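K.L.:
Sharing a structure here in structure tokens format.
The values are calculated or read from the model by the stated rules, or taken from the named source; none is laboratory data. Model, not experiment: these values are computed from the prediction. Cβ atoms come from the backbone with ideal geometry, glycine included; neighbour counts cover every protein chain shown. The protein model used for the area step is the full one, side chains on, heavy atoms only, and it has no ligands, DNA or RNA in it. Shrake-Rupley method; radii C 1.70, N 1.55, O 1.52, S 1.80 Å.
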Amino acid sequence: MSSFFMRFSFAFLLLLLFACNNPSASTDAQDPATEGSVHAGAADTVVTSAEPLVLTGCYEMTMKKDSAFLDLQVEDTIITGTLDFNFFEKDRNRGTLQGVLRNDLILADYTFQSEGVTSVREVIFKIKEGTLLHAYGEMKEQGGKLVFVDYDDLQYPEANPFIKVSCPTQ
């Protein structure tokens, strides 16, 4: 009886193992946020940690007399929102974000208005300890927008992070 039970258990475990690793069970749907985007080569892994992190919400950054405000919406791995940069004694940049969440990074296109002109540039934020670190690096014009030249050379200064704040009531 014990031998039968051992064989049955082993067969059941094998069946379970093959069922969990069946590649035909996965879907081949494309991520619409990455089609034709500079983010098409990004990894598919979503941020995970021991404690859940709710990214949706509002964030503020201040650096001397400059400030920025980000209202971020996250649905699955799709990122949308608004981003306003208020530069001291300079024109304000106000616009929208559309992008994706990959590992500990938010990769997005920022479409904004400044001095009556609409522009698009790539923005990247690194998620670190509940804050967002804005990426800085050399940029070039590509396909009508500014994109980073080398992702390996990006800097994520920790001195002025975007910190989660209460969203203003509307």
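K.L.:
Top to bottom by accessible area (1.4 Å), largest first, where do Cys167, Cys58 land? Each step should come with its number before you reach the end.
P.N.:
Numbers: Cys167 60, Cys58 0 Å².
Largest accessible area first, the residues go Cys167, Cys58.
K.L.:
Give the Kirkwood hydrodynamic radius (Å, one decimal) of region 54-170, defined as one over the mean of 1/r across all pairs of different Cα atoms.
P.N.:
Values: mean 1/r = 0.0684 Å⁻¹.
Answer for region 54-170: a Kirkwood hydrodynamic radius of 14.6 Å.
K.L.:
Need one number for region 126-170: average projected area of the convex hull over its C-alpha atoms, nm². Intermediate results must be reported in sequence, preceding the final value.
P.N.:
Numbers: hull surface 20.2 nm².
Taking a quarter of the hull surface, the average projection is 5.1 nm².
K.L.:
Hey, which of these cross-link pairs are over 22 Å Cα-Cα: Lys64/Lys164; Lys65/Lys90; Lys126/Lys164; Lys64/Lys140? Spell out each step's value before the answer.
P.N.:
Details: Lys64/Lys164 18 Å; Lys65/Lys90 11 Å; Lys126/Lys164 14 Å; Lys64/Lys140 27 Å.
Result: Lys64/Lys140 exceed 22 Å.
K.L.:
Hey, another quick one. So for region 53-109, considering every pair of alpha-carbon atoms, how many percent are separated by more than 15 Å?
P.N.:
Details: 798 of 1596 pairs.
The calculated P(r) of region 53-109 puts 50 percent of pairs beyond 15 Å.
K.L.:
Assign unit charges at the C-beta atoms only (+1 for Lys and Arg, -1 for Asp and Glu), then state the dipole size of region 55-145 relative to its Cα centre in Debye, rounded to the nearest 20. Don't skip to the end; give the middle numbers.
P.N.:
On the way: 11 positive and 15 negative charges, 39 e Å.
It comes to approximately 180 debye.
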